[in-house]
Amino acid sequence: MDQTILIDENGKRTDGRSIDDLRDVKITIGVLKNADGSASIEFGKNKIIVAVYGPREVHPKHMALPDRCVLRCRYHMSPFSTDTRKNPAPSRREVEISKVMREALEPAIMLEDYPRAAIDVFVEVLQADGGSRCAGIAAASVALADAGVNMRDLVAACAAGKVNDKIVLDINDIEDKEGSADMPVAYLPNLEQITLLQLDGILTESQFNECVEKAIHGCKMVYEIQRKALIEKYFGNDLPEGEEKELEENKEN
Amino acid sequence: MLEIKKRYVIPGDVIIEGNYRPLMNVIKKDNVIIATRIGIAESSKDGIKVIPLSGVYIPRINDIVIGKIIDNSSLSWEVDINACFSAHLPAQDVFGRDFSPAKDDMKKRLAPGDLVTARIITFDRTRDPMLTIQEKDLGKISNGEFLKISSTRVPRLIGKRGSMIQTIEQATQTRILIGQNGILVLTGKNDEGIALAFKAIKLVEEEAHTSNLTQKVKDLLNVSEEVTQTETNNSSVNNEDYVNNSNTDNNSSDMENDHSSNITTESPKEVQPN
């Protein structure tokens, strides 16, 4: 079978990473003035903007819940996000990702604090390169924190998968298409809970466990980046002496 | 007891372990206190709280807010108070007990688009907030410049015992009406003063978390120390209210480090660890 070489003899992947490397992640907070909270994320070649509105009034009104807030997510890929034009109408895949994103974020948000209200999360993919749902969840959770929604924890997300019978971290587009398994995971790092776990492909039990573990490890790396972005945005250079040390200590704990 | 002062936290951060009482924007889980907002964690003798640095306005009973009339039904006005719920101002509150929907023309008193200062009298999880304007200094706002800031910046804009807002008002010759919901109305002698006050308010909004903010504002407004230290009775509605409230408060000498508002905190007797 004529297969692209996904991992070469030196253990390097198509984009030069080793099997345990994350792509470069960059998060910018507060990119949209109109939104209550916003964030943009560059996750390798992924480029995603997230806007959060709310808590705000629910329209249509019959959707409102008497005891908690409704969380509405919309994941959308812009027509120019892929090399062949993507029809802007919501596809089956986008509807699904919107749903799993909502379910990945819901456990972190204290919805019961805002009865009869709604929180809207809009995730717009400007450029897609595999793993956009994870990048979207990571950015959405930062945008929610930016919006000042009460949250139990941030949600970090990262994928792992199987390529050439090896479990690798953070699958990119080629590995997703040509590799044999892809497992996106969303994780609450402080509460140590998994809020999203999907698997596309076949893994043995031991491979599965290794894959989950690797993905969680990736989530923790993503969390550090999310954390840093938030602290930089809100506290900037104003860290008093000793504070940085304290932050370091927090990280270790 | 372990004191926490001015610790920066993000959602999910463990603030402290042990048997402490959660006050504001924190949750207690298995004997640890966890922050739920981005903000500054503080401990007092009552418990642990986080003063948030972002967020939309959530109505609270006894808050004084500035709202815009959107509509009226036959018995009440609907008021936009910049929150996730629109508030209701009952017609009886304005016309008195003998109000009759047939006789009294509600639109003549308050038309859609009018701004009012009002106090929230009831609000809970199950009902929309209810307003009253039957108090001194509440009611329709006749003129002024409208400005919206984040409601989390309001305590900072007022400052300890109204210091910040007084500084701005005196230096720019303006009156600033402040609603807890982040809506401001500025009136002044001249346009330059209003423009300058605008700038100062924007500075406070952008740099609310930094220390030495009063000095930065003073620099912007070119105020010398003596001017601001003289007490005048030139203060706005909410400002007075604020001063009244703060009389019950402990005097913290260092106003720069005070991020909390005495209007917004549930416990008026907070201890400043600084």
Distance histogram in 10 Å bins (all Cα pairs of segment B:72-167, percent per bin): 13, 39, 33, 12, 2
C-alpha long axis of helix A:205-235 to longest principal axis of chain A, angle in °: 40 degrees
Gyration tensor (alpha-carbon) shape descriptor, the protein assembly as shown, a/c threshold 1.5: prolate
Label zone at A:LYS220 (point 7 Å along Cα-to-Cβ), backbone N below 19 Å, segment A:148-176: A:153-161, A:167-171
Inter-label distance for B:ARG127 and B:VAL14, nm, one decimal - labels placed 7 Å from Cα along Cα-to-Cβ: 4.3 nm
Candidates per GluC sites (Glu not before Pro) in segment B:1-77, loop by DSSP, up to 11 other Cβ within 10 Å: B:GLU3
Charge dipole of segment B:1-117 about the Cα centre (unit charges at C-beta), most positive-ward option of B:ASN72, B:HIS88, B:ILE33: B:ILE33
Anisotropy class of segment B:7-52 from Cα gyration tensor, a/c 1.5 cut: oblate
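In segment B:93-182, which trypsin sites (Lys or Arg not before Pro) fall in coil by DSSP and have 16 or fewer other Cβ atoms within 10 Å?
Sparse-neighbourhood loop trypsin sites (Lys or Arg not before Pro): B:ARG97, B:LYS103, B:ARG125, B:LYS136.
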Cross-link reach list, lysines versus B:LYS29, counting only Cα pairs under 17 Å and skipping chain neighbours closer than eight places: B:LYS49
Simple label model, 7 Å out from Cα along Cβ direction - B:ALA195 to A:THR14, nm: 5.7 nm
Shape of segment A:119-168, Cα gyration tensor, a/c cut at 1.5: oblate
Candidate lysines for bridging to B:LYS216, where Cα separation is under 25 Å - those fewer than 8 sequence places away on the same chain excluded: A:LYS33, A:LYS233, B:LYS5, B:LYS6, B:LYS148, B:LYS160, B:LYS189, B:LYS199, B:LYS202
Dipole magnitude (debye, nearest 20) for segment A:98-216, charges at Cβ of Lys, Arg, Asp, Glu: 200 debye
Dipole magnitude of segment A:152-236 about its Cα centre (Cβ charges: Lys, Arg +1; Asp, Glu -1), debye to nearest 20: 420 debye
Residue (of B:SER54, A:LEU230, A:VAL168) at the positive-pole extreme of the protein assembly as shown, dipole from beta-carbon charges: B:SER54
Dipole-positive endmost among A:ALA117, B:VAL217, A:GLN198 within the protein assembly as shown (Cβ charges, Cα centre): A:ALA117
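Taking neighbour counts of Cβ atoms within 10 Å as a proxy for exposure, in what order, fewest first, do B:GLU169, A:GLU224 appear?
Ranking B:GLU169, A:GLU224 by Cβ neighbours within 10 Å, fewest first, gives A:GLU224, B:GLU169.
If you take the C-alpha gyration tensor of chain A, multiply each eigenvalue by 5 and take the square root, what semi-axes do you get, largest first, in whole Å?
Working: eigenvalues 180, 104, 59 Å².
Working from the Cα gyration tensor, I get semi-axes of 30, 23, 17 Å.
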Size of electric dipole in the protein assembly as shown: Cβ of Lys, Arg +1 and of Asp, Glu -1, about Cα centre, debye, nearest 20: 1500 debye
Hull shadow area, averaged, segment A:3-81 [alpha-carbon convex hull, nm²]: 9.2 nm²
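No lab work stands behind these numbers, since they all come straight from the coordinates. Remember, predicted model here, so these are calculated numbers, not experimental data. Cβ atoms come from the backbone with ideal geometry, glycine included; neighbour counts cover every protein chain shown.
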